[in-house]
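Asker: Below you will find the structure I want to go over with you.
Please treat every number below as a calculation from the coordinates, not as lab data. All of these numbers come straight from a predicted model, not from anything done at the bench. Note that we place each Cβ from the backbone using ideal geometry, even for glycine, and neighbour counts take in every protein chain shown.
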Amino acid sequence: MAALGYDVAHLLAGGMVLVSFMLLYQDRMGALLNVFALHATVLALSVAWQAYVQDAPHLYVTAFIALGLKAILIPSALRRIVQRLDIHREVETTVGIGMTMLVGVALVALSIVLMLKVTVGVDPLGRQDLAFALAVLLLGLLMMVTRRNAVSQVVGFMSLENGLILAASGARGMPLVVEISIAFSVLIAFIVIGLFLFRIRERFDSVDVTTLHAFRGDRT
Amino acid sequence: MMRAATLQIGQTLLVLLLAPALTGLVRKIKSRLQQRRGPSLLQPYRDLWKLVHKEAVVAENASWLFRVVPYLIFAATWTAASLVPSFATGLPFSTAADLLAIVALLGSARFFLALAGLDVGTSFGGIGSSREVMIASLAEPALIIVAFTLALIAGSTQLSVIAAFMTSGEVGLRVSLGLALVALVIVAIAENARIPVDNPATHLELTMVHEAMVLEYSGRHLAVIDAASSLKLLLYVSLIAAVFVPWGLATPESAPSQYAIGIAGYVAKVAVAGALLAVFETTIAKMRVFRVPEFLGASLMLALLGALLMFVTRSL
Amino acid sequence: MGALESSTGTALDVALLCIGGLLGTGVVAAVVARARYGPRTIYGACLATCAVLLAVSLSFLIDGAATESRHLPIGLPWIGMHFDLDLLAAMFLVIVNLGGVSASLYGIGADAEEREPTRVVPFFATFLGAMNLVVLASDAFTYLISWEFMSLSSWALVMAHHRDDDNRAAGYLYLVMASFGTLSLLLALGLFAGPSGGYAFAEMRALHLEPLRAGLVFALVLIGCGSKAGVVPLHAWLPLAHPAAPSHVSALMSGVMTKVAIYGLVRIVFDLLGPPPIWWSVVLLILGGVSALLGVLYALMEHDLKRLLAYHTIENIGIIVIGLGLALAFEAGSIGWAAALAFVAALFHVLNHSLFKSLLFYGAGAVYATTRERDMEHLGGLIHRMPVTAFAFLVGSVAISALPPLNGFVSEWLTFQAILVSPQLPAWGLKFLIPAVGAMLALSAALAAACFVKAYGATFLGRPRSSAAEGARETHSSVRIALLALVVLCVAAGILPGYVIDAIAQITDRFVGGRMPVQGAQAWLTIVPIDAARSSYNGLAVFLFTAFAASAAGFVIRRVATGAIRRAPAWDCGYVDSSSALQYTASSFAQPIRRVFGTWMFRARETVSMPRPGEIRAAHFAVVIRDLVWEWLYVPIERLVANVATRADRIQFLTIRQYLGLMFVTLIGLLSLLALTQ
């Protein structure tokens, strides 16, 4: 039973990494939001499984928050924003998609090396799950760095959050308070970002970051 | 000894006879999903019979290579297909070539087909061959790296040993296997010229890859090439089934009833795979040609990630 | 690693006599080459001598005889010249002389087209003699002298057609790089032997260097031998110089001289230097992987047939260096049997590459001889006009693309098997590097197949794109004999690899401390590199089954159905296509791959300028490719050297007082240095 528990947790963590790569691969906004919903669903499944294995009922609440908020509410809200602001449906990247994925593999390798060196003596699957969580975090960061569109950067930020929650749920004894605060901050950040997007769009007719960059005052 | 030889010959003939049926099944299910009745399941056999009896029309400036290539492709694909365990492991011919050799045999078939596309000197053959080698330059490395991952998990590159290892249950749920499965499915779609990479039923030249290379073939040459394509599809399906769904495979010590179960299980697996392929092809649209390298690049990256994980965690 | 038993035996003496004969033939040829049948006689003499050398070294290798040595009192009085014939040297002698035999056969056939035989024939003989001498050399002095001899005679051959600007530029670059390589080898061997050491290899073997000094020697040897072999980034001369030489010399340079450079690397790193640290294998693996990938990508962008083949040499050298790197890694990790496997894979690829590269260059040479065209964009349809050459080139292309059942596949397969053993290595860096190198190897194999579809398709298939291609004729009979002999060897090495592996495997014990299982003992001529449960391959079975399947299919269909054929114009979707300019060219074939890989690797850009309506000019299409290694490494160094030289030039124009002042300052400086360090 314990072996199966480890295996399923391991598989779900690996699934998160796989879906992060799928996020990097998308080139259309609608598909991107759908895959992000999938990302959050896999996160919810992983947290729920951890709740079952660790016998920690408060994690079920976290899973439910992840499912309701990040898998259903936020993607549909972002879809509405995309529609209302008439943002480009195409995801513009700074580097090619192939190159982004190659850097992604290198980042996963880096996180594996780091985690396996730092956590000597912990059980092997736990180490790999931490490595996967760090990888999801780094891949979310990579997505924020290589996308020009503000909405895709927001999605990258969200997947970064998911990686944090994955790591937190893997370790035992993470209290719910932290979860609620994280969820709250996400919600607030989302409202603020949405507001800003609306204002930016009104002012400058575009949310493309390179266009906005030209308006910075201290540009040399 | 006699038993082993009979079983090997049986497997070789089984894949040859079953291949057109798989193609027919995929076409039938696709038609049904598109609200058509579709051709009968036996239509591919009838098509092959008809083509073989027709006179082959060959271009005036085609060389001897053009006429020999269909048989070479067929031979390479059939050899590779008879090496993949379908209903039993440990058959005698399986020690002659392992998974890497199977990948390379498919590579030779593709090499000769691309040459045949260039032989007549038309622009359609050129477009088919150049796109085909672009797709192959990414799909074949992905396949080799998937072979690495499987070899590292099972401790061998022999398909029989890999299949036996997967059946034994020592494996557990591994992320590398999942990544290898995704990569292998993507490569299988690309190599068999299926939607979203290529359309096997297209009549528009600019969307062709495989069809453009065989545009000049007719009669028995075309029949042999079609048989080879069906064999290739069956090969990939058998490969995925033998590695990821290996239950029901008979071993060298099994009783004869076990072989009957193995054959029945194999036919069932092939049918299910054909149905899944048909559903997948119907629900997804064909990609632009230059989106395909990104698609295959993703498969290569996933395969590389799977192999990397195996390399690193092997000693943990 | 057994003790080195050396004795003076007949094999070495015969070999040395033959080499002397070759050098002498070179001298004689300077006079005789002008005569009517002069070149043919010289080539015949080379052929006979190389055949004798081949027989002697082959029998030595197969017998697994003990090492022989000989010390000749010529040259420097306190060293003399040492020569050693051991199993490694015997194997490389086989490779050199196989190349020599086939090149001489080619020369006999092709000499009618050679316009300047006096510039080619004498240096051809000395080139062969020098290469043999490098392999047999057993002390630093002899080694360097023979190496220089080899470089200079090949340079003379590159400059044989010196009226062409491109050839002169190629020759200049070659001379600079060769001198640079010899300089680093000189430094390496000098550093190795040290101030008090003896220069004989036997004495150097007994020295145990500190890690820093050993590392420095390794780096210098890698630079010296690597630049001759064509390892990236020291490869820039190879694609210019190899095509500039006459075709049989190109085959010798690509197929054989690069292997002699690999011999030098193996001899010094595996034999003379002691147990290796891990970082040596990391360097070799990285350089090998990058060379393999970069070589084949360059080749894909090329449409000059010979230059394409030269770039492929870089790729194959990369594969060999990967094998050597793996062998070093396993040796450092004390896994002897795996080191033996990797070493055998590398040496097998050395043999294979010399076979199929020579074959391909002879084919390209035959095409050039009859059409005077090296550009694939002007060839086409040659399969109808040159059937034997086309068939041989096809076999060579299949072999170099590592497709079963030919020999290229076997060595690549063995390398992959060695890669699959590497998780057993403890070092962390290797755990990440080796799968990446494996991916690079797989990628370069697939791209090589693509490149040869392009090369063969554009040159031999399709319709002729120029009148030169239309008028091509089959080559001379001796060239055809050389081509077919190499075809037979490629097929034999692919179908019966067990015998080749057994012959090579005897070498590994002394160098890496392990051995592969004996292949001759396996059932049905299968090869089993590690363990029967692990992996096995039977080239003969695959070949027989494929041949049987193909002929059975043809026979059955002919019997049961019909064998009728009708010739008609090409279907081409109903278009009437009369111009051969409408078929795919080599660069259009490579366009998808150029777009995927070339955009970031070579900054490949295509420019199209279409005439506006009403303009009469032709449309123009251009592809611009930048060689980033050249721009980032060679050009800055060249500029730096030019700057320093310009500044240093001022020393020529000082006054007498300034010269005196210079000497005074130097003297004071040295005296104060002496005062400080006492």
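Asker: Pull out the extension gain between C:HIS620 and C:LEU525, defined as 0.36 nm times the separation in residues minus the alpha carbon to alpha carbon distance; nm, one decimal.
Answerer: Length gained, C:HIS620 through C:LEU525: 28.5 nm.
Asker: Considering only DSSP beta bridges where both residues belong to chain C, give the percentage that are antiparallel (nearest 5).
Answerer: About 90 percent, rounded to the nearest 5.
Asker: Kirkwood hydrodynamic radius, region B:10-310, all distinct C-alpha pairs: what's the number in Å?
Answerer: That comes to 19.7 Å for region B:10-310.
Asker: Take C:ASP509 and C:ALA51, extend 7 Å from each Cα along the Cα→Cβ direction, and tell me the distance between the two endpoints in nm.
Answerer: Those two pseudo-labels are separated by 3.4 nm.
Asker: Taking just the alpha carbons, could you work out the radius of gyration and Dmax for the protein assembly as shown, both in angstroms?
Answerer: That works out to 32.3, 107 Å for Rg and Dmax.
Asker: Lysine pairs, Cα distance under 22 Å, 8 or more residues apart or cross-chain: how many in chain C?
Answerer: 8
Asker: Mind checking the mean number of beta-carbon atoms from other chains within 10 Å of the Cβ atoms in C:579-587?
Answerer: 3
Asker: Another question about this same structure. Against the longest principal axis of chain C, how steep is helix C:117-136, in degrees 0 to 90 to the nearest 10, with axes from Cα atoms?
Answerer: That works out to roughly 60 degrees.
Asker: For the protein assembly as shown, what is the charge dipole size about the Cα centre, in debye to the nearest 20, if Lys and Arg each add +1 at the Cβ and Asp and Glu each add -1 at the Cβ?
Answerer: 2520
Asker: At C:ASP13 and C:GLU470, where each label point lies 7 Å from the Cα along Cα→Cβ, what is the point-to-point distance in nanometres?
Answerer: Simple spin-label model gives 6.4 nm for this pair.
Asker: Toward the positive end of the charge dipole of region C:255-389, about the Cα centre and with charges on Cβ (Lys, Arg +1; Asp, Glu -1), which of C:TYR362, C:SER281, C:LEU294 goes farthest?
Answerer: C:TYR362
Asker: Continuing with the same structure: Taking R0 as 25 Å, what's the FRET efficiency between B:VAL267 and B:GLU170 from their Cβ-Cβ distance, rounded to 0.05?
Answerer: 0.35
Asker: Then there is this: Using only alpha carbon pairs under 8 Å that are at least six residues apart, calculate the relative contact order of chain B and give it in whole percent.
Answerer: About 31 percent, as a whole number.
Asker: Among B:VAL214, B:ALA271, B:MET287, which residue has its Cα positioned farthest towards the positive end of the charge dipole of region B:10-310, with +1 placed on the Cβ of Lys and Arg, -1 on the Cβ of Asp and Glu, and the dipole taken about the Cα centre?
Answerer: B:ALA271
Asker: I would also like to ask the following. Across chain B, where is the longest run that never hits trypsin sites (Lys or Arg not before Pro) in a DSSP loop with at most 16 other C-beta atoms within 10 Å?
Answerer: Here the longest segment lacking exposed loop sites spans B:55-285.
Asker: Could you tell me how far the Cα centroid of region A:11-64 sits from the Cα centroid of region C:276-341, in Å?
Answerer: Centre-to-centre (Cα) distance: 41 Å.
Asker: If each residue of separation counts as 0.36 nm, what is the full-extension length gain between C:TRP279 and C:GLU203 once their alpha-carbon separation is subtracted?
Answerer: That works out to 24.8 nm of additional length.
Asker: What Kirkwood hydrodynamic radius do you get for chain C when you take the inverse of the mean 1/r over all pairs of distinct Cα atoms, in Å?
Answerer: Value: 26.7 Å, from the Cα pair sum.
Asker: Additional query: Under 12 Å from the Cβ of C:LEU297, count the other residues' Cβ atoms, weight Lys and Arg +1, Asp and Glu -1, and hand me the total.
Answerer: -2
Asker: Taking a virtual spin label 7 Å from the Cα of C:GLU377 along the C-beta vector, which residues in region C:292-314 bring their backbone nitrogen under 11 Å of it?
Answerer: C:303-304
Asker: Next up: How much length, in nm to one decimal, is gained on full extension between C:ARG163 and C:LEU76, taken as 0.36 nm per residue of separation minus their Cα-Cα distance?
Answerer: The span from C:ARG163 to C:LEU76 would gain 27.5 nm if fully extended.
Asker: Identify all aspartates and glutamates with a Cα-Cα distance to A:LYS117 below 20 Å; exclude those on the same chain that are fewer than 8 residues away in sequence.
Answerer: In chain and number order, the partners are A:ASP129.
Asker: Right, something else. For region B:10-153, which semi-axes, largest first and in whole Å, follow from the square roots of 5 times the eigenvalues of its Cα gyration tensor?
Answerer: Result for region B:10-153: semi-axes of 27, 24, 18 Å.
Asker: Return the FRET efficiency for the residue pair C:ALA492, B:ALA5: r is the Cβ-Cβ distance, R0 is 30 Å, and the value is rounded to the nearest 0.05.
Answerer: 0.65
Asker: For a test of the definition: using alpha carbon positions, the gyration tensor, and the 1.5 limit on a/c, classify region A:27-102 as rounded, prolate or oblate.
Answerer: Oblate shape, in that a/c is at least 1.5 and b/c is the bigger or equal ratio.
Asker: Something else now. Using a 10 Å cut-off around each Cβ of peptide B:101-109, what is the average number of partner chain Cβ atoms that fall inside?
Answerer: Per residue, the number of nearby Cβ atoms from other chains is 6 on average.
Asker: Right, next: For the protein assembly as shown, what proportion of DSSP beta bridges, expressed in % and rounded to the nearest 5, is antiparallel?
Answerer: DSSP beta bridges in the protein assembly as shown are roughly 70 percent antiparallel.
Asker: Another question, if that's okay. Rounded, prolate or oblate, given the Cα gyration tensor of region B:19-86, with a/c below 1.5 counting as rounded?
Answerer: Because a/c hits 1.5 or more and a/b fails to exceed b/c, region B:19-86 counts as oblate.
Asker: As I understand it, the dipole of region B:10-310 uses +1 on the Cβ of Lys and Arg and -1 on the Cβ of Asp and Glu, about the Cα centre. Which of B:ILE29, B:THR167, B:LEU48 lies farthest toward its positive end?
Answerer: B:ILE29
Asker: Going by the alpha-carbon gyration tensor, a ≥ b ≥ c the square roots of its eigenvalues, is region A:1-159 rounded (a/c under 1.5) or, if a/c is not under 1.5, prolate (a/b greater than b/c) versus oblate?
Answerer: Taking the square roots of the gyration eigenvalues as a ≥ b ≥ c, region A:1-159 is oblate.
Asker: Can you give the FRET efficiency to the nearest 0.05 for A:LYS117 and C:LEU187, using r as the Cβ-Cβ distance and R₀ = 35 Å?
Answerer: The calculated FRET efficiency here is 0.35.
Asker: If the label point is 7 Å along Cα→Cβ of C:ASP649, which residues in region C:152-186 have backbone nitrogen under 18 Å from it?
Answerer: No residue qualifies, since no backbone N sits under 18 Å from the label point.
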